[in-house]
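The values are calculated or read from the model by the stated rules, or taken from the named source; none is laboratory data. Quick caveat: nothing in here was measured; it's all calculated off a predicted structure. Because the Cβ atoms are built from the backbone with ideal geometry, glycine has one as well, and the counts that use them run over all protein chains shown. Note: areas computed on protein heavy atoms with side chains; ligands, DNA, RNA excluded. Shrake-Rupley method; radii C 1.70, N 1.55, O 1.52, S 1.80 Å.
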Amino acid sequence: MAAARGATVLSTDVEPLSLCLLRQAAAEQSLHLDTALCDVLDLDAPLPHIGGRAADLLLISDCFVTPDLAAALGARTAEALEQGTTVLVVDPQRPTRRDFVGALLRRGIEPWRAQFGDIGDGSTARREIVPGAGDLHLFETSVGVPVFYEI
């Protein structure tokens, strides 16, 4: 993933070691990266903010590993949309997708907004995403297909 010059990138994880390794990898590539602990399953804790404000873009890619995690990410997507964050979700057709979509629908996200579109082979698909517009973009791909993000 490439970030726009001057953009603040915040990566979150539930594991401190993962964030430490991520910061180290970013430093080795001369990239600036902020990190924050975030347990997406703890729905009582709000999503982390950057400089006191909601993120412009939330990226969720191939994360529907368990039904509970998929449902929590659906709830977090609805939370982010309420804050005006643009959400980009890419899923390789995991069966737990139904848990994600169910959580969106339970939180009042219109059914038509919960439909996944084919992203193609992942390496050539181009979509115009406007960070901070509060839009939801759902794309599907196949397992093992690389997807590249240029933000």
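Size check on the stretch 1-70: the Cα extents along the three principal axes, sorted descending, read 36, 25, 20 Å. Distance between the modelled labels on SER61 and ARG98, one decimal in nanometres: 2.8 nm (7 Å Cα→Cβ projection).
Using C-alpha pairs under 8 Å with a sequence gap of at least 6, the mean separation divided by the residue count of the chain gives a relative contact order of 24 percent. Of the residues THR35, PHE139, THR12, the one whose Cα sits farthest towards the positive end of the charge dipole of the chain is PHE139 (charges of +1 on Lys and Arg Cβ, -1 on Asp and Glu Cβ, taken about the Cα centre). Projected label points at PHE148 and ALA133, each 7 Å from Cα along the beta carbon direction, are separated by 2.3 nanometres. With an a/c value of 1.5 or above and a/b not larger than b/c for the gyration tensor axes a ≥ b ≥ c computed over the alpha-carbon atoms, the stretch 67-148 is described as oblate.
Using only the C-alpha atoms, the convex hull of the stretch 59-100 corresponds to 51 Å³ per residue. Among the protein heavy atoms of the chain, carbon and sulfur supply 53% of the accessible surface, probe 1.4 Å, non-protein parts ignored. Largest first, the extents of the alpha carbon coordinates of the stretch 29-92 on the three principal axes equal 35, 28, 21 Å. Derived scalar couplings between HN and Hα for the stretch 99-108 equal 5, 5, 5, x, 5, 4, 5, 5, 9, x Hz in order, rounded to whole Hz, by the Karplus curve 6.51 cos²θ - 1.76 cosθ + 1.60 (θ = phi - 60°), x for Gly and Pro. Dipole check for the stretch 1-116: with +1 at the C-beta of Lys and Arg, -1 at the C-beta of Asp and Glu, and the Cα centre as origin, the magnitude is about 340 Debye. Applied to the stretch 62-74, the Karplus parametrisation 6.51 cos²θ - 1.76 cosθ + 1.60 on θ = phi - 60° returns per-residue 3J(HN,Hα) values of 6, 10, 7, 6, 10, x, 5, 5, 4, 5, 5, 5, x Hz, with x for Gly and Pro. Note on the stretch 13-145: Cα convex hull, mean projected area over all directions, 8.8 nm².
If the chain linking ASP118 and THR8 were pulled fully straight, counting 0.36 nm for each residue of separation and taking away their Cα-Cα distance, it would gain 36.7 nm. For the stretch 46-151, trypsin sites (Lys or Arg not before Pro) are listed when DSSP marks them as loop and at most 15 other Cβ atoms sit within 10 Å of their Cβ; the list is ARG107, ARG126, ARG127.
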